[in-house]
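Colleague: Just passing along the structure, written as structure tokens.
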Amino acid sequence: MNIQTIGVIGCGLMGSGIVEVAAKSGFDVIVGELNQEFLDTGMARIHKSLERAQSKGKLTEKEASAALARMSGTIKSEDFAPADLVIEAVTEDLELKQRIFSRLDQVTQPDVILASNTSSISIAAIAAATNRPDKVLGMHFFNPVPVMALLELVRGSLTSDETLATAQAFGERLGKTTVVAKDSPGFIVNRLLIPYIVDAIGLYEAGLASKEDIDAGVKLGLAHPMGPLTLADLVGLDTTLAVADVLYEEYGEPRFKAPPLLRQMVTAGLLGRKSGRGFYDYRQG
Ligand code: CAA
């Protein structure tokens with residue numbers, strides 16, 4: 001299938017990164033949000049990221065303007081009609097995703113692939129809201145999307161070989177390396193990542209080490225680019241909690257159980273970088 005126009009629903013942390021990478025790779029991108037305010041915030045994030053890429057010499061002014069010209073924002077689902085592929089990147093809420101997929105099933109051409117950037121939710125459950133489960137799959141990107149090389153593809157029980165092959169080719173055109181996982185909670189990466197972050201928060205909560213020492217221990221002792229608490233702040237504590245809850249509910253194993261501290265911080269609005277505070281304070285930039 002020839003893909004030229006893609007749709008991205010949700011222009012938050014992940015959606016805006018997907019839009020940026022797709023537009024820089026030459027795709028026309030329709031960007032959808034719930035309302036104009038969310039759309040403006042998401043587009044502003046993309047502008048800032050393109051400016052950053054320019055200031056680092058990774059992109060010329062001409063390339064940045066061309067990428068921006070390929071993006072069009074909307075708050076109407078019917079505007080996704082011309083899309084050849086749609087990627088949903090909204091919050092981790094099955095009902096919300098099902099509503100979106102059901103609507104996309106109505107407004108897009110029947111052969112269009114509908115993908116979800118979900119970190120943990122069952123692709124089969126999302127696909128069940130459509131009449132094209134063979135054309136539904138998971139396309140899980142990693143934060144920050146412009147930097148991270150991986151695209152994890154998740155095959156639902158009814159996803160066709162053709163859909164998977166098209167998604168692999170699309171991932172390559174974005175400059176990503178694809179890996180394929182079965183539709184099991186957490187797929188490959190989050191199934192490994194969440195117990196690690198949960199353990200690190202538990203260690204901190206128990207007062208066994210300072211947050212700085214936990215992060216420095218992993219960063220310097222294991223050569224990770226950042227420690228687990230800094231990483232949780234980057235991913236978003238709300239997203240981390242939502243994924244942990246799905247995994248715990250599905251597997252019932254204590255290693256996935258969110259520590260009370262994580263839940264308290266999310267309730268208090270301490271969501272990490274995106275809200276300005278998490279384990280660390282980002283309000284001074
Ligand atoms: N957008 C675009 N580029 C960015 C960026 C962003 N948000 N953040 C950093 N970069 C670029 C910088 O421009 C820089 O590029 P150059 O080397 O070409 O100059 C490069 O990334 C390194 O950045 P910095 O020097 O500013 O900082 P750093 O060396 O500490 O790297 C990092 C920052 C790339 C985020 C790095 O710390 C890292 O890789 N951290 C781990 C990230 C990770 O594990 N992500 C996955 C999270 S899990 C997930 O997303 C899935 C889920 O479902 C939960």
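The values are calculated or read from the model by the stated rules, or taken from the named source; none is laboratory data. Treat the numbers as computed from the prediction; the structure is a model and nothing was measured. Every residue, glycine as well, gets a Cβ built from its backbone with ideal geometry; the counts of neighbours run over all protein chains shown. What goes into the accessible areas is simple: the full protein's heavy atoms, side chains included, and nothing from ligands, DNA or RNA. Shrake-Rupley method; radii C 1.70, N 1.55, O 1.52, S 1.80 Å.
Colleague: Taking all protein chains together and a probe of 1.4 Å, list His47, His140 from the most accessible to the least accessible.
Modeller: Details: His47 85, His140 10 Å².
Largest accessible area first, the residues go His47, His140.
Colleague: Then there is this: So what is the 222 nm mean residue ellipticity for the chain from helices alone, if each DSSP H run of at least 4 adds -39500 (n - 2.57) and you divide by all residues, rounding to the nearest 500 deg cm²/dmol?
Modeller: Theoretical 222 nm ellipticity from helices: -14500 deg cm²/dmol.
Colleague: So if I place +1 on the C-beta of Lys and Arg and -1 on the C-beta of Asp and Glu, and nothing else carries charge, what would the dipole magnitude of the range 202-285 be about its Cα centre? I want it in debye, nearest 20. If you can, show how the numbers build up before the last one.
Modeller: Values: 9 positive and 11 negative charges, 51 e Å.
That gives the range 202-285 a dipole magnitude of about 240 debye.
Colleague: Filter the chain for me: DSSP H helices, axial length by Cα at least 27 angstrom, mean Kyte-Doolittle hydropathy not below -1.0. List them by residue number.
Modeller: 36-55
Colleague: Shape verdict for the range 121-161, please, from the Cα gyration tensor: rounded (a/c under 1.5), prolate (a/b greater than b/c) or oblate.
Modeller: Prolate.
Colleague: How about Lys97: which lysines have a C-alpha closer than 29 Å to its C-alpha, ignoring those fewer than 8 places off in the same chain?
Modeller: Here the lysines satisfying the reach criterion relative to Lys97 are Lys24, Lys48, Lys76, Lys135, Lys176, Lys182, Lys257, Lys274.
Colleague: Now a separate question. Once fully extended, how much extra length lies between Arg103 and Lys58, figured as 0.36 nm per residue of separation less the alpha-carbon to alpha-carbon distance?
Modeller: Contour length minus Cα-Cα distance gives 12.4 nm.
Colleague: Calculate the translational D of the chain in whole µm² s⁻¹ from Stokes-Einstein, where the hydrodynamic radius comes from the Kirkwood formula applied to all Cα pairs, the temperature is 4 °C and the viscosity 1.567 mPa s.
Modeller: Once the numbers are plugged in, D ends up at 66 µm²/s.
Colleague: Quick one: pull the percent of accessible area on the chain belonging to carbon and sulfur, 1.4 Å probe, ligands and nucleic acids left out. Write down the numbers at each step before the final one.
Modeller: Values: 7230 of 13550 Å².
That fraction is 53 percent.
Colleague: Where the centre of each part is set by its Cα atoms, how far does the range 1-62 sit from the range 183-248, in angstrom?
Modeller: 27
Colleague: Note down the magnitude of the dipole of the chain about its Cα centre, charges +1 on Lys and Arg C-beta and -1 on Asp and Glu C-beta and zero elsewhere, to the nearest 20 debye.
Modeller: Roughly 580 debye for the chain.
Colleague: Right, next: Give the accessible surface of the chain per residue, rounded to a whole number of Å², with probe radius 1.4 Å and ligands, DNA and RNA excluded.
Modeller: Value returned for the chain: 48 Å² of accessible area per residue.
Colleague: If you stretched the chain out fully between Ala125 and Asn2, how much longer would it get, using 0.36 nm times the residue separation minus the C-alpha to C-alpha distance?
Modeller: 41.6 nm
Colleague: Here's another thing I want to ask about it. Please find the FRET efficiency linking Ser77 to Leu192, where r is the Cβ-Cβ separation and R0 is fixed at 41 Å, and quote it to the nearest 0.05.
Modeller: Working: r = 35 Å, r/R0 = 0.86.
Calculated value: 0.70.
Colleague: Please report, in debye to the nearest 20, how large the charge dipole of the range 1-141 is about its Cα centre when each Lys and Arg carries +1 at its beta carbon and each Asp and Glu carries -1 there.
Modeller: Here the size comes out at about 380 debye.
Colleague: While we're on this one: With the Cα gyration tensor of the range 181-220 giving a ≥ b ≥ c as the square roots of its eigenvalues, does the rule (a/c under 1.5 for rounded; else a/b larger than b/c for prolate; else oblate) give rounded, prolate or oblate?
Modeller: It is oblate, given that a/c is not under 1.5 and a/b is not larger than b/c.
Colleague: Oh, and also: Looking at Leu34, Phe101, Cys11, which one has the Cα that reaches farthest to the positive end of the dipole of the range 1-107 (charges on Cβ: Lys, Arg +1; Asp, Glu -1)?
Modeller: Cys11
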